[in-house]
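Some notes on the structure that comes next.
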């Protein structure tokens, strides 16, 4: 997916969901490295960058509802959803909903820095620090 001699052309749309406390600027830093055939779109939720005047979401479903219409209109076009940290959760819920409502999009879901949907919750934190 990275531009360069070894990259293959992949015509698709890439939606990028940044993590909590982050903004779409974090995605824009690496988007310029992608092949030109990939149309990357950072998804900005209310409360960040140009949407600071809008009320923050306190519910995942409300966040998903705010982006689903724009994404669902892409049926028939290859779509890759990438989410980082909290953005991974939103990307996952968007993907699950699109799978039920929009005939198989997204084509691929990529998540980073987040546990899988079946991972146990409430685990103790692991520290690399030496015990006292």
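Anything in segment 40-64 that is in a helix (DSSP H, G or I) and either in contact (Cβ under 8 Å) with a residue 40 or more places away in the chain or within 12 Å of residue 17 (Cα to Cα) (or both)? List them, or say none.
At the first step, the residues of segment 40-64 found to be in a helix (DSSP H, G or I) are 49-51, 60-64.
Within segment 40-64, 63, 64 meet the criteria.
Checking residue 53 against (1) exposed (fewer than 13 other Cβ atoms within 10 Å of the Cβ); (2) at pLDDT 80 or above; (3) within 17 Å of residue 107 (Cβ to Cβ): exactly one of these is not met. Which one?
Condition not satisfied by residue 53: (3).
Would you point out the residue of segment 65-87, among those that are in a helix (DSSP H, G or I) and surrounded by 22 or more Cβ atoms within 10 Å (Cβ to Cβ), that is modelled with the lowest pLDDT?
Restricting attention to segment 65-87, the residues satisfying the condition of being in a helix (DSSP H, G or I) are 65-72, 86-87.
Remaining after also requiring surrounded by 22 or more Cβ atoms within 10 Å (Cβ to Cβ): 71, 87.
Values: 71: 75, 87: 89.
Per the criteria, the residue is 71.
Would you tally the residues in segment 11-47 being surrounded by fewer than 18 Cβ atoms within 10 Å (Cβ to Cβ), touching a helix residue (DSSP H, G or I) at 6+ places or on another chain (Cβ under 8 Å) and under 18 Å from residue 93 (Cα atoms)?
2
I'd like to know if segment 111-121 contains one or more residues that are surrounded by fewer than 15 Cβ atoms within 10 Å (Cβ to Cβ), in contact with a strand residue (DSSP E or B) (Cβ under 8 Å, 6 or more places away or on another chain), modelled with pLDDT of 75 or more and in a loop (DSSP other than H, G, I, E, B).
Just the residues of segment 111-121 that are surrounded by fewer than 15 Cβ atoms within 10 Å (Cβ to Cβ), to begin with: 112-113, 115-121.
With in contact with a strand residue (DSSP E or B) (Cβ under 8 Å, 6 or more places away or on another chain) added as a condition, the list becomes 112-113.
Checking the rest, the ones that are also modelled with pLDDT of 75 or more come to 112-113.
Applying the additional criterion that residues be in a loop (DSSP other than H, G, I, E, B) yields 113.
Yes, some residue in segment 111-121 is surrounded by fewer than 15 Cβ atoms within 10 Å (Cβ to Cβ), in contact with a strand residue (DSSP E or B) (Cβ under 8 Å, 6 or more places away or on another chain), modelled with pLDDT of 75 or more and in a loop (DSSP other than H, G, I, E, B).
In segment 88-105, how many are loosely packed, with under 13 Cβ neighbours inside 10 Å and either assigned to a loop (DSSP other than H, G, I, E, B) or modelled with pLDDT under 80 (or both)?
Count: 3.
The values are calculated or read from the model by the stated rules, or taken from the named source; none is laboratory data. The shown structure was predicted, so the numbers you read here are calculated from the model rather than taken from an experiment. Neighbour counts run over all protein chains shown; Cβ positions are idealised from the backbone, glycine included.
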